[in-house]
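What follows is one structure encoded as structure tokens, with my remarks underneath.
The values are calculated or read from the model by the stated rules, or taken from the named source; none is laboratory data. Computed from a predicted model, the values in this text were never measured in an experiment. Cβ: placed from backbone, ideal geometry, glycine included. Neighbour counts: every protein chain shown. Side chains included, ligands, DNA and RNA excluded: accessible areas come from the protein's heavy atoms. Shrake-Rupley method; radii C 1.70, N 1.55, O 1.52, S 1.80 Å.
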Amino acid sequence: MTASPTLAPSRRDSTPGVLYSPAVRLIGRRLLAAIPVLWGVTLLTFIVVQALPGSAAQQLLGPNATPEQVQQLEAQLGTDRSMIVRYLDWLGGVLTGDLGSSLSDGRAVTEVIGSALGVTAELVLLALVVSLALTVPIALLAARRPGGVVDRISMAVSMVGLSIANYVLALVLVWVFAVQLAVLPAIGFVPIGDGILDNLRSLVLPAIAIGFPLFCFYTRLLRADILEQMQGQDYVTTARAKGIGPWRVLTRHAFRNSLFGLLTIVGLNLGTLIGATVIIEQIFALPGVGRELLQAISNRNIPVIEGIVLVFAVVVVVANLVTDLLYAVLDPRVRHGNT
Amino acid sequence: MPSSTRVCAMATPDAAAPLELAGAAAEPVRRRSHLTESLELRIPIAIIAFMVVLCFLGPTILGLPAPIGGDILDSNLPMFSAGHVFGTDAVGNDILSRLLHGGQASLEIAFAVNLIGLVFGGGLGALAAYWGGRLDPIIMRLLDVLIAFPSLVLALAIAQSLGPSKINTIFALAFFSVAAFARISRAATLQLREQTFMTAARLSGTPAWRTLLRHIAPNILPGLVTFALLGMGIIIVLEGALSFLGLGVPPPAPSWGNMISTGQQTLSASPRDVLLPSAFLFVTVLAFNLLGDALRSRWSVR
């Protein structure tokens, strides 16, 4: 049954040896479980993209191409073969680490993704760092006095942040900071090699557009979790009975336990986060993976679409796995297998 | 076999995750007065009712011009022009009329998507959990595939393969809403299965369909309905995103998303074209989120 927790290692774990350690078994099991999911994702993508009207050859040659030209290019690109053959061909390539080459310019898909991934990764990382750096102190202050001023303001602000679409936020930010105040660039990307300050300036607005809703979401969650710990847990009562100050109980006891909940959500939410970069990269004209993807979809560039979707899916699966492992590292109960 | 985080994942399907869990914060911490509590429900309901009436009846009652086919000679009129309260856009269409008709599209799509999700997803999840057996892992793996997929990406691909239209947008978004509802309803049903009254029903020979309809459905519905309300906000935003990328409601027909997208090109010259539809979008989504949140704390579902 899928609902049963597997972090609790089975009884046979007394057997010594690395292969039998709960962590290794966990990794193995999760990786095995991930294979059919990843395979399903690639198949689904292939079928969906296949259903797109128009072919890559058609898109490349434009509307004035003759049917003969289209046929010729299709033969050249290999897209005239049947769907099953092409899928199996692609799948075979993936197993040997070859993601194929882009239909539009012949570059290797790994190269296309590689050059764009850095931009997206920096954007996501920046958004995560900013949101988490704000979440922790604000959630702690809010939880210190539930119903107090900080709590009410932060809850109201976070409700607003959760209700604002990221593309709306992005445009409002552009309007305020690039059009009205003219302090930050509206669009474009400066590579980190051209100066770290300019690089950061070009990513500030997109990172806020992604990070602010994220911050609101994390803050609500962390606050609720801390309050739950503070209200119902025996260890909190014990700590209080020992005479430990309320702030210390909050930060050293309740907060440390609530971190697990936050960690899980950060890991699980990475997929949504990547989805958000697609539209934000489009608005800010950032040369990231999301922009490549949109372009590939409109060009019917199947190898690139497949490659990017696969990378996204792998990131999500790996993030979930790492989350679980961090649990094991951070939580002695899980580490020693006596949950 | 998945891990404990998977249990969490079940209740937090991809796109829906932010609001789904964030609502947990709504649990009453202090004892709130009866008035505050009823206002928490009534204000969002009033806003939503106002929006619905405004969008669906407004154009007729206010005698607004059609949202498309405006006169090019009337283009780019400023706010508060005679006959055009919010002015006109670059091709001379009345902006208020476009906002309200766009709202119709957003609300219809969001309602349809959530209804489909509630009925099909809710049913699928309950069936998978109730019958379990071999069906359950198959259904769950299929949903895993959808969850491991960045939702916007598949919606984009589906919307583009079917061509932009209102019905196709509903279809593209329903894909995810079904998966999301199925996960929630499955998790809720699994919890119910362990309860004594379910054992009692089973022992007294209640047929499966009756158990599902009379015992499971009433118990999981509050959770699903709150999720649907939060889902309204999510779908309105996602529909806007699709339209924004040119894959939702096809222009010239208005939707908040494609109005924002068109307005983006003239952001510095006339920010109104972006800010007005954004404001409508924001207020509507906020109202649905507040209502979902208030209902969640009232029904104390998580």
For A:Ala285, what residues show an amide H to amide H distance below 5 Å, using hydrogens built from the backbone and excluding near sequence neighbours?
A:Gly188
For chain A, state the semi-axes of the equivalent ellipsoid (square roots of 5 times the eigenvalues of the alpha-carbon gyration tensor), sorted largest first and rounded to whole angstrom.
43, 30, 15
Whole-Hz Karplus couplings 3J(HN,Hα) for segment B:221-229, θ = phi - 60° and coefficients 6.51, -1.76, 1.60, Gly and Pro as x, run 4, x, x, 5, 5, 4, 4, 5, 5
Points 7 angstrom from Cα along the Cβ direction at B:Leu57 and A:Ile27: gap in nanometres?
6.4
Calculate, for A:Arg201 and A:Ser115, the FRET efficiency according to 1/(1 + (r/R0)^6) with r their C-beta to C-beta distance and R0 22 Å; round to the nearest 0.05.
0.55
Sequence ranges B:265-273, B:201-209, A:251-259, ranked by mean other-Cβ count within 10 angstrom, highest first:
A:251-259, B:265-273, B:201-209
Pair A:Ala133, A:Val176: separation of 7 Å Cα→Cβ label points (nm)
1.8
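I'd like the projected area of segment A:95-245, averaged over all directions, using the convex hull of its alpha carbons. Report it in nm² with one decimal.
15.1
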If one computes the Cα centroid of segment A:170-199 and of segment A:94-127, what distance in Å separates the two points?
25
So the angle from the long Cα axis of helix A:67-77 to the longest Cα principal axis of chain A, reported in degrees to the nearest 10, equals 50
Per residue solvent-accessible surface (Å²) - segment B:53-301, probe of 1.4 Å:
40
Counting only protein heavy atoms, what percent of the accessible surface of segment B:53-301 is carbon or sulfur at a 1.4 Å probe?
69
How far apart, in nm, are two points set 7 Å out from the Cα along the Cα-to-Cβ line at B:Gln191 and at A:Val85?
5.4
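Given the Cα-Cα distance of A:Ala156 and A:Trp39 and 0.36 nm per residue of separation, how much length would full extension add, in nm?
37.9 nm
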If one takes the accessible area of chain A alone plus chain B alone and subtracts that of the pair, with a 1.4 Å probe, what total in Å², rounded to the nearest 100, results?
5500
Heavy atoms only, probe 1.4 Å: what % of the accessible area of segment A:169-253 goes to carbon and sulfur, would you let me know?
62
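When ligands, DNA and RNA are left out and all protein chains stay put, how many square angstrom of accessible area per residue does chain A have with a 1.4 Å probe?
Computed with neighbouring chains in place, this is 47 Å² per residue.
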For segment B:268-283, what does the Karplus curve 6.51 cos²θ - 1.76 cosθ + 1.60, with θ = phi - 60°, yield as ³J(HN,Hα) per residue in whole Hz, taken in order and with x for Gly and Pro?
6, 6, 9, x, 3, 4, 8, 5, 5, x, 4, 5, 4, 4, 4, 4
Please pull out the direction-averaged projected area of segment A:223-319, using the convex hull of its alpha-carbon atoms, in nm² to one decimal place.
8.4
Hull volume per residue for segment B:53-301, using the convex hull of the C-alpha atoms, in Å³ is 139
5 Å is the cut-off here: which amide hydrogens, built 1.01 Å from N in the peptide plane, fall below it relative to A:Leu103, excluding neighbours closer than 5 in sequence?
A:Val304
